[in-house]
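For reference, the structure is listed below as structure tokens.
Read-outs throughout are calculated quantities, based only on the coordinates presented, and are distinct from any laboratory measurement. Keep in mind the model is a prediction, meaning the values are calculated, not measured. All Cβ positions, even for glycine, are placed from backbone atoms using ideal geometry, and neighbour counts span all protein chains on display.
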Amino acid sequence: MIRKNFKKALGVSLCATILLSNSVFAKEFKDVTKNGPYGWSYSYIDELSDKGVIDGYPNGNFEPDRAVSFEETLKLLKGVINAPQDEVNKAVEKYGDDLTKIGVASWSKESVALAIERDIITLDTVKEAKQKGFINPDNPVFPDRNTISVYFARALKLPANGDQSYLRHDDKDKIPASTKGYLASLVKAGIFSSTGSDGKFEGERHIRRSEMAKITKLSYDYSKAEGLNTETKTMTATVILSTNINNQDTIIVESNNKRYQFRVNSSTIYKQGETSLKFSDIKPDQELKITYATLSDKTAEGLAKTIEITNSKVDLIAYVRGVSNGSVTLNYSSNKDVDLSKDSRFTTNKTETFKTDSNSKIYKYGQLIKLSDLYVDDIVEFKADKNNIIKEAQVYPKSTSVSGTITSVSSATSANTREKITIKLSDNKNYTFYGNSNQNDPWFNNSLFKDLKTGQNVTLSLNYKFVTSIGDQKQDNYGKIENASMYVSKRNDGRIGEISFKTNNGRNVYYITDQTIFRTQRFNNLRLSQINERDLVGLTGKISLRGNDVTEFIEVDSSQRFDAIAKVIDTRTLYNFGQREHEYTIEIVNPGRSSSMKKGEEYVFSSNSILNKYDYLRITGYKEYSNIYGNQLTNVQVKIVDGDYGQFY
């Protein structure tokens, strides 16, 4: 260490509020000129003296070679930190008495107390400084460059383990291990040079006034750019993207439907609960609490000081793509723009595999289920953590049925809306499902819910959130197969494929099992495994369902349409998988212009209409193929007529 006496070293503060110097010697110095030996420091000294941050001497010199003391260094760092005054006051209240006893000068007491509060030094450091002569107004020992670099790095919240590849000093091996990491961080931040003076760091040498001017100016600029000397704010947001823009790590988030961009740096703290994280752990769709400082640079909202993941993946919606070995693969996207009351098809942009643990909760309409109960194409609304563990999920199966008590029913009163039904299920919660739309659609027929009342118990067959059939109300099961596909392998529930089926009430997806029978002109009494699914596309006919599983498909020739007068000769009530059907046998009284029927022929059909024996009917529909069930009718519409049936035409 080198001992030196000097009368006056540096000014009082770097606080932005103190801009004017009391010294008349602040601007021009005879011994520091732009083209002189200290030209490299001229601009730093010029700017800081102009703002009153540093002063010269009464003789008009700056004396750039003079050393800077321990207390003066902390005074300058107080300005770099620019802490709120209430923080400074609390620090003085906490440490002031001890500092007075140690002998800290009154003009530096606030600076030293703040340095302790900010973990730049400790109270023991001050005591040791006093013992070793660093706090001595008459003949002080001056701190060396190793010590100064550590203090500045701590004040700027730079990491102690900086990348040492930034250090290119010839005397690098002489730099203490406790200094190297801090110094590397200062070099990376652009405050210290990577090669030092004449290629050396000279860590055991004191720091000169000219050097301190440069370091202080660059530190102040860094503090301002990084938002270290501004008040912090907080925001809760959802991650859109974490990326690197112009060599700057950046997080783009969304909050209250607005997007914001935050910069991060080596001092940014990432965490989830008590777990420390890294920038690479920040992923799209995570929910964050961001503590940040506003920046003068308007390209970003601020610099993130702390980023806390509160939920890794929230409000996501997905299609199940596979379940195996305790994991599920999901095609997912954000749930905020998906409305399952309008459409069960939505766009996904990410695919990941998720797992469950003992705390995971997966519900299917109020019932807690296992991961193995999920099937391909089920819809899942879910939340997961950063380890892709599902925390909570709600499943909407592609095919299921639910039973409960109706709490409300509403009709589709305007274009492009759907009728709604809300029922209370076994978990005592209400769930809303959707029926037919009221849009101007030639396939639109009538309401599924028109005969249902509040308080009534009901069973609904569902395709996601859409009702396909209700209790004793049999759905319109005549239509056209628009698509058919086979799965790669049979599912656990016996399903081996599916068809898209269009009826008067719209399109639905139904499942083919290994027990489904197809009766067509080409394929009589065959299963899908024995048929090329392409041969089914375009066929018209009727399906029989067990829930949403097809038990039988019977092809019907649309040319076999009839419009006739008939008499009911027999009635029966059937119960098919909990649904009530009425089956009628009729005798054709007047076949009308239908060449496919003859007077006196008998046929059987099912209907929701309540008919009595000997009723006369105007009946329309289609005949099934005679080589299959010659006496079967489908898609039947009936109207009771009086006995004057002879005047049919």
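Peptide packing: for 416-427, 70-81, the average count of neighbouring Cβ atoms within 10 Å per residue gives the ranking 70-81, 416-427, highest mean first. Distance between the 7 Å Cα→Cβ label points at Ala225 and Thr454: 6.6 nm.
Label-to-label distance, Asp171 versus Lys30, with points set 7 angstrom from Cα along the beta-carbon direction: 3.2 nm. With the crude spin-label approximation of a point 7 Å out along Cα→Cβ, what separation in nm comes out for Asp357 versus Thr422? About 3.7 nm, to one decimal.
Computed from the C-beta positions of Val376 and Ile610 and an R0 of 60 Å, the FRET efficiency is 0.90 to the nearest 0.05.
Rounded, prolate or oblate: which fits region 232-311, taking a ≥ b ≥ c as square roots of the Cα gyration tensor eigenvalues, rounded meaning a/c under 1.5, else prolate when a/b beats b/c? Display every interim value, and only then the final one.
On the way: a/c = 1.35, a/b = 1.20, b/c = 1.12.
Rounded shape, in that the Cα axes give a/c under 1.5.
Note that region 399-410 has calculated 3J(HN,Hα) couplings of 8, 6, 9, 9, 10, x, 9, 5, 9, 6, 9, 9 Hz, one per residue in order, obtained from phi through the Karplus relation 6.51 cos²θ - 1.76 cosθ + 1.60 (θ = phi - 60°); glycine and proline are x.
For region 157-220, the square roots a ≥ b ≥ c of the C-alpha gyration tensor eigenvalues yield an a/c of 1.5 or more together with a/b not exceeding b/c, which makes the shape oblate.
The length gained by stretching the chain between Ser410 and Ser197 to full extension, at 0.36 nm per residue less their Cα-Cα distance, is 68.5 nm. Excluding same-chain neighbours fewer than eight residues apart, the aspartates and glutamates reachable from Lys132 by a Cα-Cα span under 20 Å are Glu71, Glu72, Asp98, Asp124, Asp144, Glu204. Computed from backbone phi with θ = phi - 60° and the Karplus coefficients 6.51, -1.76 and 1.60, the 3J(HN,Hα) list for region 137-149 is x, 9, 8, x, 8, 9, x, 8, 5, 4, 5, 4, 5 Hz; x is used for glycine and proline. Note on Gln394/Asn136: beta-carbon distance plugged into 1/(1 + (r/R0)^6) with R0 of 56 Å gives a FRET efficiency of 0.20. Amide H of Glu601 versus every other amide H placed in the peptide plane: which residues, excluding those fewer than 5 positions away on the same chain, fall under 5 Å? Answer set, sorted by chain and number: Ile588.
Evaluating 6.51 cos²θ - 1.76 cosθ + 1.60 at θ = phi - 60° for every residue in region 105-111, the Karplus couplings come out as 5, 4, 5, 10, 4, 4, 5 Hz, glycine and proline recorded as x.
Of the peptides 449-460, 143-154, the order by per-residue mean of other Cβ atoms within 10 Å, starting with the highest, comes out as 143-154, 449-460.
In the chain, the calculated helix contribution to ellipticity at 222 nm averages -5000 deg cm²/dmol per residue, counting -39,500 (n - 2.57) for every DSSP H run with n ≥ 4.
How would the chain be classified by its alpha-carbon gyration tensor: rounded, prolate or oblate, with rounded meaning a/c under 1.5 and the a/b versus b/c comparison settling the rest? It comes out prolate by the Cα gyration axes.
Using the Cβ-Cβ distance between Asn349 and Lys101 with R0 set to 56 Å, the FRET efficiency from 1/(1 + (r/R0)^6) comes to roughly 0.30.
Take 157-164, 461-468, 355-362, 582-589 and order them by the average number of nearby Cβ atoms within 10 Å per residue, most first; the result is 461-468, 582-589, 157-164, 355-362. Considering only alpha-carbon pairs that sit under 8 angstrom and 6 or more positions apart, the relative contact order computed for the chain is 6 percent.
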